[in-house]
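K.L.:
Take this structure, written in structure tokens, and hold onto it; I'll ask about it next.
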Amino acid sequence: MNIRLSDHFTYKKLLRFTLPSIVMMIFTSIYGVVDGFFVSNFVGKTPFAAVNFIMPFIMMLGAVGFMFGTGGSALISKTMGEGDCDKANRLFSLFVYVSFFCGIVIAVLGIAFLRPISVLLGAKGLMLEQCVLYGRIVLAAIPAFLLQMEFQSFFVTAEKPQLGLSITIVAGVVNMVLDALFVAVFDMGLVGAALATALSQAAGGIIPFFYFLRPNGSLLRLTRTSFDGASLLKACGNGSSELMSNISMSLVSMLYNIQLIRYAGEDGVAAYGVLMYVNLVFLAAFIGYSIGTAPVVGYHFGAGNLPDLNSLLKKSLILICVFSVSMFILAEGLAVPLSGIFVGYDPALLALTVKGFALYSFSFLFAGIAIYGSGFFTALNNGLISAVISFLRTLVFQTAAVLILPAIWGIDGIWISIVAAELAAAGVTMFFIKNNFVRQAPVTATEH
């Protein structure tokens, strides 16, 4: 049965509609995990640390795709809810074309300034050279990566989340197969890992582009468009929270690496890399759910269906809490085996990683609330509150925690920092939901 944005969503229908987006985001996050596994086990600890050291900078540049995808989807779905499908297609086309052009500019500048930025962050010697080598190859695919990130949102808006999932799986399989061939079989080292990632991102961005360029069975199609500065600014404003979130996370990851170099040396960076891989996969579930529900929220907002908005909010918060507890239990139980997959060859590094894992896992109890809350306000076209939540969660709270807590508890303070930050962000998010949505949109419908 085809689920439409205009439907009333029960728990079952909500899970069915958002599952492709959840799996899609998890699969996307596995790209870096696969690179890390092959680099760590087949190339070495220093190259593994180099990949994790430079990846936050690359992801920061790629965050523009999230901005156009989430912010654009909010505006497109609202326009659909208002009944203007032709305008929705023109907006969709505008966002895709502009983001691809931005990707070209970002790639050129990123490649040119990668070395001085790596030096500024603290990389030196062999690790510096490997950061530059890996980073420049992956940056060449940034235009396609931006398209891949925004199409993840647009497929949901087009009522084709399953197709988006299929394309993401294809891109993920490309990455895994090429990693195995280039790194494990052909012994191409760091170059092979970077090429595998770049080619998989190219597949994830180019395939959807040609799908939407041709006549298709979705609600969206790439057409001729004209420059619409007001809509472009509105989309960027809506998606500024996602842009801020990704940029802030990247900046904070760089700060974590600086602190880890200070407190634990190269082993600390490697251990943090393992935690980041698990964190990416687990948080991808929350992000995927947020992406999956955003067009539904945007549609009902545009149509003025406040009872359905309240129903979606209540159900989503309950589901997020269930996901959170499940992830915490899973993370605690898998700390040893997951750490062993990446750094089992080094007993001291393994012990450091497992201990960090046990503390870091508590953050999964709170992270989903802020992630969903930010996406919810983006879908309501309230970019300001969404951006404030993301800014506080990913930059202010984490920066303060990672600067203060290690001075008290040493390296354990670094692992605890993320827990304190996510707890504070969850509290702020619930405050905004209560004071900026619930009071203004009281429940008037019977729950089903």
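The values are calculated or read from the model by the stated rules, or taken from the named source; none is laboratory data. Keep in mind it's a predicted model, so treat the numbers as computed, not measured. We place every Cβ from the backbone using ideal geometry, glycine too, and count neighbours over all the protein chains shown. For accessibility, only protein heavy atoms count, side chains too; no ligands or nucleic acids. Shrake-Rupley method; radii C 1.70, N 1.55, O 1.52, S 1.80 Å.
K.L.:
Using just the C-alpha positions of region 158-206 as equal point scatterers, what log10 of I(q)/I(0) does the Debye formula give at each q in 0.17, 0.21, 0.23, 0.30 1/Å?
P.N.:
Debye curve over Cα of region 158-206, log10 I(q)/I(0) at q = 0.17, 0.21, 0.23, 0.30 Å⁻¹: -0.49, -0.65, -0.73, -0.99.
K.L.:
So what does log10 I(q)/I(0) come out to for region 240-345 at q = 0.09, 0.14, 0.22 Å⁻¹, using the Debye formula with one equal point on every Cα and no solvent?
P.N.:
So the normalised log intensities are -0.37, -0.76, -1.22.
K.L.:
May I pose another question? Region 224-255 to region 328-397: how many Å between their Cα centroids?
P.N.:
Cα centres, region 224-255 to region 328-397: 22 Å.
K.L.:
What shape does region 174-272 have by the C-alpha gyration tensor, where a ≥ b ≥ c are the square roots of the eigenvalues, rounded means a/c under 1.5, and otherwise prolate means a/b greater than b/c and oblate the rest? The partial results should precede the final answer.
P.N.:
Details: a/c = 4.11, a/b = 1.36, b/c = 3.01.
Verdict is oblate for region 174-272.
K.L.:
Hey, another quick one. Name the long-range amide H neighbours of G239: under 5 Å, sequence gap of 5 or more, or other chain; modelled H, no Pro or chain starts.
P.N.:
G71
K.L.:
Of K314/K434; K87/K315; K78/K234; K45/K355; K13/K87, which pairs sit farther than 23 Å apart, going by alpha carbon to alpha carbon?
P.N.:
Values: K314/K434 12 Å; K87/K315 31 Å; K78/K234 12 Å; K45/K355 19 Å; K13/K87 28 Å.
Pairs exceeding 23 Å: K87/K315; K13/K87.
K.L.:
Here's a follow-up. Evaluate the relative contact order of region 1-114 (contact order divided by residue number), counting alpha-carbon pairs under 8 angstrom at least 6 apart; express in whole percent.
P.N.:
Numbers: 28 pairs, mean separation 17.8, N = 114.
This gives 16 percent for region 1-114.
K.L.:
Using only Cα atoms, tell me the angle between helix 161-179 and the longest principal axis of the chain; keep it within 0 to 90° and round to the nearest 10.
P.N.:
10
K.L.:
In addition: For region 379-396, in order, what is each residue's ³J(HN,Hα) by Karplus, 6.51 cos²θ - 1.76 cosθ + 1.60 with θ = phi - 60°, in whole Hz (x at glycine and Pro)?
P.N.:
Here the 3J(HN,Hα) series is 5, 7, 6, 9, x, 5, 5, 4, 5, 4, 4, 5, 4, 5, 5, 8, 10, 5 Hz.
K.L.:
Turning to a different aspect of this structure: For the chain, what does -39500 (n - 2.57) per DSSP helix run (n ≥ 4), summed and divided by total residues, give at 222 nm, in deg cm²/dmol to the nearest 500? Each step should come with its number before you reach the end.
P.N.:
Working: 15 runs with 360 residues, N = 448.
Result for the chain: -28500 deg cm²/dmol, rounded to the nearest 500.
K.L.:
Ordering K12, K315, K434, K87 from largest to smallest accessible area (1.4 angstrom probe), what's the sequence?
P.N.:
On the way: K12 150, K315 0, K434 120, K87 75 Å².
Result of the area sort, largest leading: K12, K434, K87, K315.
K.L.:
Shape of region 280-401 from its Cα gyration tensor (a ≥ b ≥ c, root eigenvalues): rounded if a/c is under 1.5, otherwise prolate when a/b > b/c, or oblate?
P.N.:
Working: a/c = 3.24, a/b = 2.18, b/c = 1.48.
Note, shape of region 280-401 comes out prolate.
K.L.:
Give the shape of region 17-79 as rounded, prolate or oblate, defined through the alpha-carbon gyration tensor: a ≥ b ≥ c are the square roots of its eigenvalues, a/c under 1.5 means rounded, and otherwise the shape is prolate if a/b is larger than b/c and oblate if not. Before the final figure, lay out each step's value.
P.N.:
On the way: a/c = 6.65, a/b = 2.05, b/c = 3.24.
Oblate is the answer for region 17-79, as a/c is 1.5 or above yet b/c matches or exceeds a/b.
K.L.:
Then there is this: Taking the Cα centre of the chain as origin, work out the dipole magnitude from +1 charges on Lys and Arg Cβ and -1 charges on Asp and Glu Cβ, in debye rounded to 20. Numbers along the way, then the final one.
P.N.:
Values: 23 positive and 20 negative charges, 155 e Å.
Rounded to the nearest 20 debye, it is 740 debye.
K.L.:
Taking Cα centroids, how far is region 63-128 from region 280-303 in Å?
P.N.:
Rounded to whole Å, the Cα centres lie 18 Å apart.
K.L.:
Starting from the Cα of V173, step 7 Å toward the Cβ, then list every residue of region 24-58 with an amide N under 18 Å from that point.
P.N.:
Within reach of a label on V173: 24-31, 34.
K.L.:
So if we plug the beta-carbon distance of L109 and T225 into 1/(1 + (r/R0)^6) with R0 = 25 Å, what FRET efficiency do we get, rounded to 0.05? Working shown, then result.
P.N.:
Numbers: r = 26 Å, r/R0 = 1.03.
The computed FRET efficiency comes out at 0.45.
K.L.:
Grab the alpha carbons of the chain, take their convex hull, and tell me the volume per residue in Å³. Can you show the working numbers first?
P.N.:
Values: hull volume 57.5 nm³, N = 448.
Cα convex hull per residue, to the nearest whole number: 128 Å³.
K.L.:
Relative to the longest principal axis of the chain, what angle (0 to 90°, nearest 10) does the C-alpha long axis of helix 347-360 take?
P.N.:
30
K.L.:
For region 135-165 and region 405-435, what is the centre-to-centre distance using only Cα atoms, to the nearest Å?
P.N.:
30
K.L.:
To continue, here is another question. Is there a quick way to get the dipole size of region 1-152? I mean about its Cα centre, with the Cβ of Lys and Arg at +1 and of Asp and Glu at -1; what is the value in debye to the nearest 20?
P.N.:
Values: 11 positive and 7 negative charges, 44 e Å.
Roughly 220 debye, rounded to the nearest 20.
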